[in-house]
1. Output the residues belonging to segment 63-89 that are crowded, with 21+ Cβ neighbours inside 10 Å and modelled with pLDDT under 90.
2. So which residues in segment 150-194 are under 19 Å from residue 46 (Cα atoms), assigned to a strand (DSSP E or B) and more than 15 Å from the chain's Cα centre (by Cα)?
3. Which condition number in (1) in contact (Cβ under 8 Å) with a residue 60 or more places away in the chain; (2) open to solvent by less than 40 Å² (accessible area, probe 1.4 Å) is the one that residue 205 fails?
4. Looking only at segment 31-62, filter to residues that are polar (S, T, N, Q) and open to solvent by less than 20 Å² (accessible area, probe 1.4 Å); which one of those is farthest from residue 112 (Cα to Cα)?
5. Could you please let me know if residue 51 is more than 23 Å from residue 321 (Cβ to Cβ) and β-branched (Val, Ile, Thr)?
6. Which of the residues belonging to segment 131-158 are under 19 Å from residue 66 (Cβ atoms) and either crowded, with 23+ Cβ neighbours inside 10 Å or modelled with pLDDT of 95 or more (or both)?
7. Confirm whether residue 76 is touching a strand residue (DSSP E or B) at 6+ places or on another chain (Cβ under 8 Å) and more than 14 Å from residue 149 (Cα to Cα).
8. Which of (1) open to solvent by 20 Å² or more (accessible area, probe 1.4 Å); (2) touching a Leu at 6+ places or on another chain (Cβ under 9 Å); (3) in contact (Cβ under 8 Å) with a residue 60 or more places away in the chain; (4) not small (Gly, Ala, Ser) is the odd one out, the single condition residue 216 does not satisfy?
Amino acid sequence: MTEFARRVERGWYQGSPWLTPLRPLGWLVGRVAGRRLAAFRRQRTAPPVPVLVVGNVTVGGTGKTPLVVALAQRASERGLSVVVISRGYGGKAGRYPMTVTPASDPAVVGDEPLLIVRRAGVPVVLDPRRDRALNYVVRELAPDLVISDDGLQHYALPRSAEIVVIDARRGLGNGRCLPAGPLREPASRLEQVDFLVANGGVWPGAVTMHLKPGKLTRLSDGLTLDGEAFRERFGAVHGVAGIGHPERFFRSLAVLGLAVTPHAFADHHAFKPEDLAFADGRPVVMTEKDAVKCQGFDNTRLWMLPVRAALPETVLDAMIDRALNPDSAPSAAALESVEKERE
């Protein structure tokens, strides 16, 4: 991330008078977004199979990908045939639609789609036009459920249900639309989705989700250590994150009791070995999303910290059921579980 980008982001979330001249542009973006949504509502059609969209209203990372993985895994456990569709941001595929495999090159397909296919074990199909991806998977794979990783604002994509993920710490910043603030759409959009999920804290009307760390894994040989064993063995580390909100990852390492030297890179950064060649010999711990791009590096000091979305199965079931039966009322048990998580 460039210094200018960091300055803009700080202005969005911490307040800055120099952004004031951008407010008319933000107002215009909000108006256009509102009109696009209204047109979508008027012309809304039912998708050929149930489609569950997981997105956000702010730029940058909020924790969507772990939730997509959790939903795909839970739907598969229920015996449903699931396909994830994605734009494949950061990849450079020459043709679409493209099917991702565990052996795909992250430079081609992007880091998040590769992470999803490896963690969730379900087909992932890429296309910047998610409506075209949907038509492809319906024709070729005939799934019971399609989950769209992002795509909330891709109104060419019909959908059965929508989930918005919010970073509970940062919230909506100054509440303004781009470029005056971090919003892709006005905050009122949150009132029109089926579920709100607050990552890492409490938000009005939202289900709380926490990202639970797993065992630290060495990239070179797959050795795993729990947090306590890793801390006793190393103590101090370099933390590396090329995600939308790297500070969240650095906090996760600190919670494990590690002394962290943070290194923030741009979201979807294409890592090179020299980016991680720190001279002091300390371990380098990165996100799982970054690790898919560094797996082949000849460096035994590279570790990753995987995380999973911690939500009750009943809440995941309620989200899946809403997509499968958008016109039916959720069960009493599902409602009780969702309301409990909102408290």
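1. Within segment 63-89, 88 is the sole residue that qualifies.
2. Once the filter is applied, which keeps residues that are under 19 Å from residue 46 (Cα atoms), assigned to a strand (DSSP E or B) and more than 15 Å from the chain's Cα centre (by Cα), segment 150-194 yields only 161.
3. Going through (1) in contact (Cβ under 8 Å) with a residue 60 or more places away in the chain; (2) open to solvent by less than 40 Å² (accessible area, probe 1.4 Å) one by one, residue 205 breaks only (2).
4. Of everything passing the filter in segment 31-62, 58 is farthest from residue 112 (Cα to Cα).
5. In short, no.
6. Residues satisfying the conditions are 145, 146, 147, 148, 149, 151, 152.
7. yes
8. (1)
The values are calculated or read from the model by the stated rules, or taken from the named source; none is laboratory data. Since the structure is predicted, the reported quantities are computational estimates derived from the model, not experimental observations. Note: ideal-geometry Cβ built from the backbone for every residue, glycine included; neighbour counts use all protein chains shown. Heavy atoms of the whole protein, side chains included, go into the accessibility calculation; ligands, DNA and RNA do not. Shrake-Rupley method; radii C 1.70, N 1.55, O 1.52, S 1.80 Å.
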